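Working notes for the structure below.
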Amino acid sequence: MARIIGGFAVSHTPTIAFAKDANKQTDPVWAPIFEGFEPVKQWLAREKPDVILYVYNDHMTSFFTHYSAFALGIGEEYAPADEGGGQRDLPAIKGDPELAKHIAECLVADEFDLAYWQGMGLDHGAFSPLSVLLEHEHGWPCKIVPLQCGVLQHPIPKAKRFWNFGKSLRRAIQSYPKDIKVVIAGTGGLSHQVHGERCGFNNTEWDMEFMELLTNNPESLLSATVTDLAKKGGWEGAEVVMWLLMRGALSPKVKKLHQSYFLPSMTAIATMLFEDLGDETPPAESDEALRARAKHELAGVEEIEGTYPFTIDRAVKGFRINHFLHRLIEPEFRKRFVEDQEGLFTDSDLTDEEKELIRSRNWIGMIHYGVIFFMLEKMAAVLGIGNIDVYAAFKGLSVPDFQKTRNAAITYSVAGKK
């Protein structure tokens, strides 16, 4: 079974990334950042977790037009996002789609509404601290399952909701049948405000109180509103609810192994490291019962003939081809699709199998492979045929024969202006 060995909390200000990339490790002004991170770095190197469940918020970089409350990364890997000045020189870090799927099933069974994402970059909320905490010159030493929390666009979930999410997350990980070691990371904070006339606000006294409560009495923080947290820790400092989620995913009692605090400029840069001490009593629901409950909604779906739910497995497997076909909403891309399809294939990351599925117009083959139907209707529209042609192909019929099975012999597509 998977085992949570501990958790850490860490600020994720871009200050950290700047100091790392500018080689400021020995500069007296910047050195305290690295000194504070070093015990966490050493612990991770010693304990060698297989996966870090990484709780962070995106800063309107990859998430802008859609800003979810809880968005679980299900992808195979994650590259640095371009935040305006180009990508940082970091390798992509591997994801764990299988663990992410299990977590998603368990959390949804506990009535948490999740969004799922892949193919987007991680901004400084993730890579700023990770680049200091993990050696990565020859590849990252562990996988990551990122959980993006939408803490910037209000209203957001309550502090208690973050805490309860962490509690459910704990049971989800504990019930995962693979023998892996997992660390929970909570990021953001501490006190800071980066906008408005109040920018530059810090409150060291509150930061110290918060860290003490997080360690020994986290439930005392659950009734705090966003305004409560902002008054004490600055508006952006209210993102410490992500630390609360991390703490909720750990054992009721923890051993604090390390704590650091440094306030160089705008953001209080802090770290905390906890050892998980295990559950005081066995969970009320067994791992087997939780896994069964998590699978309940789709139990027996394989008995429905000719039906292929767009599950996380299929979304991950089919991401390249679905992403390729989704780009047909772009005028220049679809023009080239019609005029120079082979050249477009050459420039893509599609496999030979995926290229042939598209090239041969193997509509049912694409469904079997993992393409969601709504990409196929886009492709059909670009090719100048209707949805009815695709439906007929699914059934192995000509269009006239398929239309005989309908109440009206009509055709249509999603095509708008050519």
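Quick notes on this structure:
- Beyond 27 Å in Cα-Cα separation lie the following of the pairs 48/253; 48/178; 101/232; 143/317; 24/167; 20/94: 101/232; 24/167.
- Listed residues 98, 76, 332, most fluctuating in the chain (Gaussian network, C-alpha, under 10 Å): 332
- Accessible surface computed residue by residue for the chain, with neighbouring protein chains in place and a 1.4 Å probe, gives 48 Å² per residue.
- Cα centroid of the range 197-215 to Cα centroid of the range 36-62, whole Å: 22 Å
- Reachable aspartates and glutamates from residue 404, criterion Cα separation under 17 angstrom, eight or more residues apart if same chain: 389
- Taking one quarter of the surface of the C-alpha convex hull of the range 18-142 gives a mean projected area of 8.8 nm².
- Calculated [θ] (222 nm, deg cm²/dmol) that DSSP helices of n ≥ 4 give over the chain, each run adding -39,500 (n - 2.57): -12000 deg cm²/dmol
- The range 137-210, accessible surface, carbon-and-sulfur percent (1.4 angstrom probe): 52 percent
- Annotation: the antiparallel percentage among DSSP beta bridges lying fully within the chain is about 45.
The values are calculated or read from the model by the stated rules, or taken from the named source; none is laboratory data. Values in this document were obtained by computation on a predicted structure and should not be read as measured data. Each accessible area value is taken on the protein alone, full model and side chains, heavy atoms only, with ligands, DNA and RNA left out. Shrake-Rupley method; radii C 1.70, N 1.55, O 1.52, S 1.80 Å.
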